[in-house]
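Accompanying notes for the structure given below.
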Amino acid sequence: MGRAGDRAGAAGKRALDRVRHARHPLHGIAKWALIGFQALAGVFGLFCLINLGLSLSTFRGENPAARTAHELGVLWFSTPNGQSTSDRAFEVIHGGALGAEPTAAEIRAHFEAASEGGTFLLDQIMVDRMKKVNGQIDGRVLPSGIYVGAHALGPDSPPLVWVTKWMAHYMLFPRHAYILVVPETGQAVVFSASQSGKFPGDVGSPNRLTARITPYDDSAYDFPSSGEALHEMTIVTRDPAIVASAPAALNAARARLEALDETYGLLAPNSNTVVGCILEDADLLDPEVRRSTLLAFRAPGLGAACPDTAQGS
């Protein structure tokens, strides 16, 4: 046993000596370029692992395992732009709770129950079924109220989407936020803020912070799609008076934002900043919550200082 240990120790020392005195196969600029690339790869890998840990340990609801299974199923069945999700996808993901052919009233009742917890998932497969059953997203399939939606950002077109939709959801913890208004009657509308270059039309400076208010449908900037198939929805109020006045209030906020002519910032001011300021100004989001550390990671910019015109005077 002693001799075996000595031999193992000697072999280990020889291996360390070979590593210590080994010559790098590359020299000069090529050597340092490789070392730099390896360092960047290591940092990126660590970044992904940290984000994956946060994604799987926070905002998971009361049943994290069921939530993860739901997410994986939706990402698996999600389809590129212009392609509807299949009936099979709906049966697998939602059939257990709603059956294969739910009515609009049954879908609404499902979300009435889901929204009691404050936060729920709205996915591409479900909105496809809502449109098939009801023709549009409105109060007949989603309870009337004001919601904050949050989703990962990523491309919708193949071939990149087949990889990026998984990475964006699990390896990028930050989310992009928007405001969804579902009135008692009429189609739901969405308030989306981002860089002007991401919206259609003549935008002037593509890096200007701007917003759009549009029907909540396939053409909306913030609508569940292949690369952004899972949206975390948080209901902030169901007060009929506030819901009824929300479109006008959001239009006023958009006009004030346009007048500011603010440059978009990666961390702030950005779309999350605008959403956070509007909600705080309407007393729908507590200032301390808006500036919480966890939300700063989940929705970067949400708690940043408000541009003067993002709030009412």
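Could you list, in sequence order, the residues of region 71-127 that are over 17 Å from the mean Cα position of the chain (by Cα), aliphatic (A, V, I, L, M) and in a helix (DSSP H, G or I)? Once the filter is applied, which keeps residues that are over 17 Å from the mean Cα position of the chain (by Cα), aliphatic (A, V, I, L, M) and in a helix (DSSP H, G or I), region 71-127 yields ALA89, VAL92, ILE93, ALA97, LEU98, ALA104, ALA105, ILE107, ALA109, ALA113, ALA114.
Name the single residue that is nearest to PRO159 (Cα to Cα) among those in region 58-94 being of a type in the set (Asp, Glu) and surrounded by 13 or more Cβ atoms within 10 Å (Cβ to Cβ).
Here the answer is GLU71.
Within region 226-260, the residues that satisfy the criterion of being among the small types (Gly, Ala, Ser), farther than 30 Å from PRO159 by Cα and in contact (Cβ under 8 Å) with a residue 24 or more places away in the chain are ALA244, ALA246, ALA249, ALA252, ALA253, ALA259. On inspection, ALA100 passes the criterion of being surrounded by fewer than 16 Cβ atoms within 10 Å (Cβ to Cβ) and touching an Asp or Glu at 6+ places or on another chain (Cβ under 6 Å).
Looking at this structure, is PRO224 surrounded by fewer than 22 Cβ atoms within 10 Å (Cβ to Cβ) and either of a type outside the set (D, E, K, R) or within 16 Å of the chain's Cα centre (by Cα) (or both)?
no
With respect to the conditions (1) modelled with pLDDT of 95 or more; (2) closer than 30 Å to PHE44 by Cβ; (3) assigned to a loop (DSSP other than H, G, I, E, B), VAL141 lacks only one, and its number is (2).
Residues of region 261-289 that are surrounded by 19 or more Cβ atoms within 10 Å (Cβ to Cβ) and over 21 Å from LEU153 (Cβ atoms): GLU280, ALA282, LEU285. Out of the residues in region 281-294 that are assigned to a helix (DSSP H, G or I) and over 14 Å from ILE242 (Cβ atoms), state the one that is nearest to the chain's Cα centre (by Cα). Step by step, filter region 281-294, then rank; the result is LEU294. Search region 95-112 for residues that are over 14 Å from ILE125 (Cα atoms) and pair each with any residue that is among the charged types (D, E, K, R) when their beta-carbon atoms are under 7 Å apart and the residues are at least 6 apart or on different chains. Note: pairs meeting the criteria are ALA104/ARG140; ARG108/ARG140. Among the conditions (1) at pLDDT 95 or above; (2) in a loop (DSSP other than H, G, I, E, B), VAL203 misses just one, which is (1).
The values are calculated or read from the model by the stated rules, or taken from the named source; none is laboratory data. What you see is a predicted model, and the numbers here were worked out from it, not measured in a lab. A quick note on method: Cβ atoms are made from the backbone with ideal geometry, for glycine too, and the neighbour counts reach across all protein chains shown.
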